[in-house]
Amino acid sequence: MYDPNNIFAKILRGEIPCDKVHEDDHALAFHDINPQAPVHVLVIPKGDYVSMADFSDRATPEEIAGFFRAVGKVARELGLEEGGYRILANHGANAHQEVPHFHVHVFGGTQLGRMISLPKG
Ligand code: AMP
């Protein structure tokens, strides 16, 4: 079930501010409040989708296309294409998804290393 009181829903409704970098019919992009790279932007769809699982299952083709075009556009407009960037979406507990509104992280602006680091043990 989608929680309409999650923090990204409040950002979409304009109830709390964000440091916006892009907005169109399908997506809103803003800087992460706790950046993990020199550039760390979140791109979220405008519809009520909990996670990647929900978005890929229920979103219309127009919403999916519009959203992923926005992700690419944001990275391009942030000047990340030449040097390279990484996108990441956490779904559920194992991935430590904190905010239950689907979002893609865009990381860049430095050498990001190879893939992800897993906890030891
Ligand atoms: P995830 O673990 O994939 O759900 O990531 C949630 C992300 O949202 C984290 O990187 C947080 O730093 C970020 N975040 C939480 N609240 C805000 C906010 N108000 N504005 C911008 N980013 C936020």
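The values are calculated or read from the model by the stated rules, or taken from the named source; none is laboratory data. Note that this is a predicted model, so its numbers are computed, not measured. Using ideal geometry, Cβ is built from the backbone for each residue, glycine included, and neighbour counts are taken over all protein chains shown. Just the protein is used for accessible areas: all its heavy atoms, side chains included, with ligands, DNA and RNA removed. Shrake-Rupley method; radii C 1.70, N 1.55, O 1.52, S 1.80 Å.
For this structure, a couple of remarks:
- Asp54 vs. criteria charged (D, E, K, R), open to solvent by 20 Å² or more (accessible area, probe 1.4 Å) and within 15 Å of the ligand (Cβ to nearest atom): yes
- The residue that is most open to solvent (accessible area, probe 1.4 Å), counting only those in the range 101-121 that are at pLDDT 95 or above and of a type in the set (Gly, Ala, Ser), is Gly109.
- Only one of the listed residues (Val74, Val43) is in a helix (DSSP H, G or I), surrounded by 15 or more Cβ atoms within 10 Å (Cβ to Cβ), in contact (Cβ under 8 Å) with a residue 24 or more places away in the chain and within 16 Å of the ligand (Cβ to nearest atom). That residue is Val74.
- Flag if Glu98 is modelled with pLDDT of 95 or more and surrounded by fewer than 12 Cβ atoms within 10 Å (Cβ to Cβ): yes
- Residue that is surrounded by the most Cβ atoms within 10 Å (Cβ to Cβ) [pool: residues in the range 20-36 that are closer than 18 Å to Glu98 by Cα and more than 13 Å from the chain's Cα centre (by Cα)]: Gln36
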